[in-house]
Amino acid sequence: MGRIYYLMGKSASGKDTIYQELLEREELGLQRLVPCTTRPVRAKETEGVEYHFMDEEKLQELLCAGKVIELREYDTIYGSWKYFTVDDETIDLERQDYLAIGVPESFEKMKRYYGEEKVIPIYIEVEDGNRLERALKRERKQNPPKYEEMCRRFLADQQDFSEEKLRQAGITRRFHNDGDRQLCMDEVAAFIQQRQKQ
């Protein structure tokens, strides 16, 4: 039986880098589950890799067709940005394991859609001061930097990933990424391999 390993963490926790490295580990055999968004493409992002970038019209088509598994909307200083997962009929949990990325809210909706035993949480945790430093460093590379949005997102994550919401979602295991990222990576990979044997 295949599973969806659902990677979560606050902004600048390193989850995107961990996500990429896990996909590259051949021994895990994970396939990418690509979410969708209506937000603009960031520097170094590629369509179909980090996200499928769609406009509002396409999202409405998918909603009308009943293809949207979960949908979240964020009011940013640049307008409303939506993030969502689509059942495009390419996911085959009979034969394949997948790696997805999201937040506790989307994780819970994926569990309801696919079944609790098929969606496994992986929560990456980083101390807030370290996260803020990383977020600022990353934002400085954007053209132009969107510092207000970075701050909004940082504060919103405090609510989206509150201890209460983590408990409600059944997220108990934490992988710490404050120090050597390789150690965190190895710990996550070992956790996935252990679950694949069950």
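The values are calculated or read from the model by the stated rules, or taken from the named source; none is laboratory data. All values reported here derive from a predicted model rather than from experimental measurement. Counting neighbours? That spans all protein chains shown, and the Cβs are built from the backbone with ideal geometry, glycine included.
Please go through the range 14-33 and pick out each residue that is out of contact with any Ser or Thr (no Cβ under 9 Å at 6 or more places or on another chain) and either assigned to a loop (DSSP other than H, G, I, E, B) or surrounded by fewer than 13 Cβ atoms within 10 Å (Cβ to Cβ) (or both).
Within the range 14-33, GLY14, GLU24, ARG25, GLU26, GLU27, LEU28, GLY29 meet the criteria.
With the checklist (1) in a loop (DSSP other than H, G, I, E, B); (2) of a type in the set (A, V, I, L, M, F, W, C); (3) more than 30 Å from GLU127 (Cβ to Cβ); (4) at pLDDT 90 or above in hand, flag the one item MET1 doesn't pass.
MET1 satisfies all of (1) in a loop (DSSP other than H, G, I, E, B); (2) of a type in the set (A, V, I, L, M, F, W, C); (3) more than 30 Å from GLU127 (Cβ to Cβ); (4) at pLDDT 90 or above except (4).
Quick one: in the range 40-90, of everything that is within 30 Å of GLN196 (Cβ to Cβ) and over 17 Å from the mean Cα position of the chain (by Cα), which residue is surrounded by the fewest Cβ atoms within 10 Å (Cβ to Cβ)?
It comes out as GLU89.
Give all pairs with beta carbons closer than 7 Å in which a residue from the range 11-32 that is under 24 Å from VAL86 (Cα atoms) and in contact (Cβ under 8 Å) with a residue 24 or more places away in the chain meets a residue that is surrounded by fewer than 19 Cβ atoms within 10 Å (Cβ to Cβ) and among the aromatic types (Phe, Trp, Tyr); count only pairs at least 6 apart in sequence or on separate chains.
Listed pairs, sorted by first residue: SER11/PHE154.
List every residue pair whose Cβ atoms sit under 6 Å apart, with the two residues 6 or more apart in sequence or on different chains, where the first one lies in the range 93-119 and is within 24 Å of GLU163 (Cα to Cα) and the second, anywhere, is hydroxyl-bearing (Ser, Thr, Tyr).
From the range 93-119, the pairs are LEU99/TYR5; ALA100/TYR6; ILE101/TYR19; PHE107/TYR6; VAL119/TYR6.
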